[in-house]
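**Student:** Mind having a look at this structure? Questions to follow.
The values are calculated or read from the model by the stated rules, or taken from the named source; none is laboratory data. In this text the structure is predicted, and so the values were computed from the model without any measurement. Note that we place each Cβ from the backbone using ideal geometry, even for glycine, and neighbour counts take in every protein chain shown. In case anyone asks, the SASA skips ligands and DNA or RNA and just uses the protein heavy atoms, side chains included. Shrake-Rupley method; radii C 1.70, N 1.55, O 1.52, S 1.80 Å.
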Amino acid sequence: MDKNLILEVRDLKQHFRINDRLTIKAIDGMTFGIRQGEVFGLVGESGCGKSTFARAVTGIYRPTEGEIFYRGALVSGKKADANAVRQRQIEMQTVFQDSAAALNPRMTVEEIILEPFRILPNRPDAQTQQAMLRQMMENVGMAPSFLQKHPGEISGGQRQRVAIARSLITDPAFVVADEPVASLDISIQAQIISLFQHVQKEHGFTFLLIAHDLSVVRFICDRVGVMLHGKLVEMAPTKELFSNPLHPYTQALLSAIHVPDPVYERNKKILEYDTKTPLGGTFEEIAKDHWLLK
Ligand SMILES: Nc1ncnc2c1ncn2[C@@H]1O[C@H](COP(=O)(O)OP(=O)(O)OP(=O)(O)O)[C@@H](O)[C@H]1O
Ligand SMILES: [Mg+2]
């Protein structure tokens, strides 16, 4: 086993039995690893199993088959190493597509963002937590006046930003973000992706970023895995994947990116796998107007 791998899956399968005749093979045999400190992008069309993968590796689901290792120790199945499971729980923070909707309606924004500190063995004192909280509010573009509000009193976009603040506040070792900005306004998307990138560079956490938007992936990921029907069909360093995609599905995904180049635009053909129009080049255009690309 590669000692640099923080997360590894071997022949992972996650099947959902709907009834006697129907089983959905959401994950159907994935084997790969994510290296310590790596920014790994997972892409693929809607329904290919990305969210299921995120839920499996964070321990929400019990895999149907296969194994998941965290820092080299088994964290799935009956023989899971309890210490490693606990370590994963402490070190891994998640933001899901629907995180905003899942916030506890009875807690204030402040309580929600500070909650992950509660399970930390070595948590900073209350004053330090407050300073971190204020900084994080600023980073996600929310005024301190939101701190005493409840999720029901703020917009969906603001709730998602609270979920993101919560995922980053403890300086986690591993962040799993499943389309974390899909529900946000385009200008906020760029700001939040820049924030993830900024915090990642500063603290070096391992980052699994699940995205539809290939231009976001291209912008911040070291390596990209392309999923199709519950399987990885291609995995490569980002530059390599974008310059020389090998699998036809990857080629199709890439052909759907909007590239702001008139000659390229004219010659570009959208291949048949295209399902949605990604935000494309607009992301980088917007990001340029923000603080990160200065
Ligand atoms: N808990 C579940 N029970 C039954 N089927 C499920 C469950 N979760 C996911 N599925 C099915 O598994 C497949 C993969 O779903 P998943 O949500 O992982 O896809 P995805 O790649 O995240 O899609 P999207 O890009 O739309 O978020 C889909 O066919 C979905 O309907
Ligand atoms: Mg999903």
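**Student:** Quick check on my filter: what residues within segment 45-70 are touching a helix residue (DSSP H, G or I) at 6+ places or on another chain (Cβ under 7 Å) and in a loop (DSSP other than H, G, I, E, B)?
**Tutor:** Within segment 45-70, Gly59, Tyr61, Pro63 meet the criteria.
Let's see how each residue does on (1) within 10 Å of ligand 1 (Cβ to nearest atom); (2) under 17 Å from Leu232 (Cα atoms); (3) within 15 Å of the chain's Cα centre (by Cα):
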position	(1), (2), (3)
Arg21	no, no, no
Gly29	no, yes, no
Leu42	yes, yes, yes
Arg55	yes, yes, yes
Gly66	no, yes, no
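**Student:** Go through segment 203-215 and report how many residues are open to solvent by 10 Å² or more (accessible area, probe 1.4 Å) and either in a helix (DSSP H, G or I) or of a type in the set (S, T, N, Q) (or both).
**Tutor:** Result for segment 203-215: 1.
**Student:** Now a separate question. Taking Ala177 as meeting all but one of (1) within 16 Å of ligand 2 (Cβ to nearest atom); (2) assigned to a helix (DSSP H, G or I), write down the number of the exception.
**Tutor:** (2)
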